[in-house]
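Engineer: Sharing a structure below in structure tokens format, with a few things to ask.
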DNA sequence: CTGAAAGCGCTTACAG
DNA sequence: CTGAAAGCGCTTACAG
């Protein structure tokens with residue numbers, strides 16, 4: 001660093017003041033055509049690129065927004081990132097991405113980094129609960145919007161899918177296919193509403209809630225795998241499983257493969273989130289799909305309003321998008337027929 | 001911005017100079033235990049977090065490295081990111097990620113952003129050729145390492161997989177299975193060596209090179225899809241296809257599905273890069289696998305050496321990692337048997 | 001053991 | 001139409 005030309009170098013070489021250089025570069029006050037051209041010429045000759053850090057210190061604006069995700073390898077988050085980028089890049093914002101790996105302490109560190117780097121705003125997919133820095137950020141009015149997940153006990157702007165409706169749709173679909181014992185594999189966050197939707201579907205259909213059919217872990221392939229194994233080792237195993245995120249769906253698929261079980265013949269599967277490969281998988285995966293790109297754009301757009309300090313009165317601080325059920329092949333009624341047959345066989349052999 | 005406490009506030013409240021505050025925070029000169037504790041106490045009370053931008057301006061070091069990828073949705077790059085992060089995070093570096101979408105102009109913009117943000121170093125997976133800012137970065141000695149791809153006409157530190165060997169292994173495997181007409185779907189970058197490996201395998205086995213079996217596009221699902229379709233519409237279609245990156249493999253798979261073709265019965269497929277779902281796909285995908293995490297770590301480690309300004313003599317500026325062939329089910333010799341049978345059928349019906 | 005002050009590279013009222 | 005100078009929030013020789 002420090003090797004490049006500074007504004008002083010160009011001012012000196014052009015025979016003008018640094019104020020003038022600054023003004024032509026930022027188009028911030030009138031400068032005669034000739035001096036303007038001259039300055040621009042020198043800028044080119046010297047290959048001068050203004051220091052964003054000096055500018056940031058002077059203006060107290062960095063034109064960058066920080067993004068904190070729990071898992072950058074999750075396609076859901078990369079799609080979210082693209083949505084955010086699509087909205088903010090044209091507005092001249094740079095994005096700095098922090099990856100927490102679902103560790104609350106790492107998230108706390110990331111928030112601190114963004115705070116000290118003086119980002120203009122933050123988009124956070126939180127993991128864990130309230131925290132000192134989050135509290136500080138809120139108090140000092142740093143524009144911040146939550147995405148995908150909420151933080152218990154903190155009222156912050158939030159944009160997310162309608163988790164309850166999505167889980168309700170998925171579970172209802174399974175019930176419609178005749179399933180009565182439905183396993184759920186859940187992550188840490190986002191859990192409450194998804195579980196509520198699941199239960200609502202059961203209740204609405206007069207089915208009992210059996211908590212031994214719940215498996216909780218974190219949103220990962222490993223959890224999906226061990227969760228499916230655990231559920232299928234149940235004395236009265238579920239005939240269908242609802243996996244509450246795409247990584248867990250993949251994990252459950254790995255488990256089925258290991259166990260030598262077929263889907264949907266032996267067990268039906270319905271996933272949360274779509275992926276590029278879901279439609280050509282064997283079987284094609286039935287999923288409940290989030291409008292991920294839209295969610296990202298909405299979060300970015302909301303953040304932008306907050307950063308622009310528009311009268312907060314008209315801004316809706318909580319946005320919910322509907323999910324869509326995409327029926328493919330992973331949970332045909334076949335599995336139930338199979339299950340009933342199995343039960344009959346069991347009875348006969350006894 | 002500007003709402004938080006500054007170093008002056010804590011200095012004043014603690015009754016010391018800003019120098020002292022700075023020194024206790026950075027552990028950079030001796031401070032008596034009592035003043036130290038007092039300062040720390042005030043820091044906590046005021047919830048003071050130093051401004052990284054002011055610090056950056058003063059020290060000419062930002063403790064952040066910039067990363068430029070062409071496609072953040074590509075699992076290869078997210079794995080690379082994780083490798084980099086794993087190496088650099090413990091060293092106290094923050095990462096800022098730029099996404100170019102394979103657009104050279106966007107890359108140029110990203111480089112400029114990183115330059116003006118005064119990052120301490122850059123890791124770049126380049127798309128496109130030489131550029132003014134890249135040239136400037138090189139001249140002014142900004143630590144920069146290329147990853148995955150090289151830049152024509154510029155000698156820059158680079159860590160990548162052994163593309164030629166990888167493509168050679170993939171193609172040889174196909175030839176070993178009896179294939180004689182092998183299609184290749186190629187991206188824009190990385191192409192030369194992969195094609196060279198492909199050709200080397202053909203030549204070494206005395207097979208002719210047929211350029212009508214090459215399909216070029218960019219590294220995307222769409223290219224893989226249209227490429228497979230085009231190749232299979234060939235008058236004398238290939239019996240096997242080598243897709244030069246994971247997104248293109250997925251695209252080719254989509255094409256097969258659309259065309260109602262089976263793999264490997266109708267056409268064999270071998271891909272570049274492994275994915276989480278490849279092993280449980282139907283058929284399980286045979287691929288040539290890069291040690292992606294290692295590549296990321298190596299690039300990060302090399303960059304760190306460059307940033308630490310260690311005697312450049314001992315640093316090896318070009319590192320190559322071997323790829324590994326993982327044989328699964330997508331290119332069994334079955335396809336050739338099938339192909340021969342088809343030819344026979346054709347002959348009979350004529 | 002600690003402080004006063006210059007300096008990092010910009011922006012921006014204040015003057016003229 | 002343009003310049004001199006203060007200030008953004010830190011760090012760090014220089015003194016004592």
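The values are calculated or read from the model by the stated rules, or taken from the named source; none is laboratory data. Predicted model, so just to flag it, every value in this text is computed and none were measured. Don't worry about glycine lacking a Cβ; one is built from the backbone with ideal geometry, like all the others, and counts go over all protein chains shown.
Engineer: Output the residue which, of all residues in the stretch A:82-99 that are part of a helix (DSSP H, G or I) and under 21 Å from residue B:65 (Cβ atoms), is nearest to the other protein chains (Cβ to nearest Cβ).
Structural biologist: Only one residue fits best here, namely A:85.
Engineer: Here is a follow-up. Every residue in the stretch A:24-36 that is within 18 Å of residue A:5 (Cβ to Cβ) and free of Cβ contacts under 8 Å to residues at least 12 places away in the same chain, please.
Structural biologist: Scanning the stretch A:24-36 gives a single hit, A:26.
Engineer: On to the next question. Only one of A:115, A:144 is crowded, with 20+ Cβ neighbours inside 10 Å, farther than 22 Å from residue B:54 by Cα and touching a strand residue (DSSP E or B) at 6+ places or on another chain (Cβ under 9 Å); which?
Structural biologist: Criteria check complete, one pass: A:144.
Engineer: Among the numbered conditions (1) within 16 Å of DNA strand C (Cβ to nearest atom); (2) closer than 14 Å to residue A:72 by Cβ, tell me where residue B:116 comes up short.
Structural biologist: It fails just one condition, (2).
Engineer: Also, I was wondering about something else. Note down all Cβ pairs under 9 Å where the first residue falls in the stretch B:111-122 and is at the interface with chain A (Cβ under 9 Å from one of its Cβ atoms) and on the phi > 0 side of the Ramachandran plot, the second is in a helix (DSSP H, G or I) and surrounded by fewer than 24 Cβ atoms within 10 Å (Cβ to Cβ), and they're at least six residues apart or on different chains.
Structural biologist: Note: pairs meeting the criteria are B:118/A:52; B:118/A:54; B:118/B:57.
Engineer: Out of curiosity, is residue A:6 within 11 Å of chain B (Cβ to nearest Cβ), within 16 Å of DNA strand D (Cβ to nearest atom), closer than 19 Å to residue B:113 by Cβ and surrounded by fewer than 18 Cβ atoms within 10 Å (Cβ to Cβ)?
Structural biologist: no
Engineer: Please verify whether residue A:17 is without any contact (Cβ under 8 Å) to a residue 12 or more places away in the chain, within 14 Å of DNA strand C (Cβ to nearest atom) and farther than 30 Å from residue B:74 by Cα, treating the condition exactly as stated.
Structural biologist: In short, yes.
Engineer: Of all residues in the stretch B:266-281, how many are assigned to a loop (DSSP other than H, G, I, E, B) and within 16 Å of residue B:74 (Cα to Cα)?
Structural biologist: 5
Engineer: Among B:296, B:329, which is under 26 Å from residue B:270 (Cα atoms) and either modelled with pLDDT of 90 or more or part of a strand (DSSP E or B) (or both)?
Structural biologist: B:296 is the lone residue from the list that is under 26 Å from residue B:270 (Cα atoms) and either modelled with pLDDT of 90 or more or part of a strand (DSSP E or B) (or both).
Engineer: Output the residues belonging to the stretch B:226-254 that are farther than 18 Å from residue B:277 by Cα and crowded, with 20+ Cβ neighbours inside 10 Å.
Structural biologist: B:227, B:228, B:231, B:238, B:239, B:240, B:241, B:242
Engineer: How many residues are away from chain B (no Cβ under 14 Å) and either over 18 Å from residue A:242 (Cα atoms) or touching a strand residue (DSSP E or B) at 6+ places or on another chain (Cβ under 7 Å) (or both) when one looks only at the stretch A:254-286?
Structural biologist: 5
Engineer: Looking only at the stretch B:100-110, which residues are more than 10 Å from chain A (Cβ to nearest Cβ), buried (at least 23 other Cβ atoms within 10 Å of the Cβ) and in a helix (DSSP H, G or I)?
Structural biologist: The one that is more than 10 Å from chain A (Cβ to nearest Cβ), buried (at least 23 other Cβ atoms within 10 Å of the Cβ) and in a helix (DSSP H, G or I): B:107.
Engineer: Then there's this: Residues that are within 10 Å of DNA strand D (Cβ to nearest atom) and under 30 Å from residue B:111 (Cα atoms): find the helices (runs of 4 or more DSSP H) completely inside the stretch B:13-67 holding 3 or more of those.
Structural biologist: B:52-59
Engineer: OK, next. Pull up the stretch A:30-53, narrow it to residues that are away from chain B (no Cβ under 14 Å) and either surrounded by 14 or more Cβ atoms within 10 Å (Cβ to Cβ) or within 8 Å of DNA strand C (Cβ to nearest atom) (or both), then point me to the one that is nearest to the chain's Cα centre (by Cα).
Structural biologist: A:40
Engineer: Those residues that are farther than 19 Å from residue B:277 by Cβ and either more than 26 Å from the chain's Cα centre (by Cα) or more than 7 Å from every other protein chain (Cβ to nearest Cβ) (or both), I need them from the stretch B:63-81; list them, please.
Structural biologist: Within the stretch B:63-81, B:63, B:64, B:65, B:66, B:67, B:68, B:69, B:70 meet the criteria.
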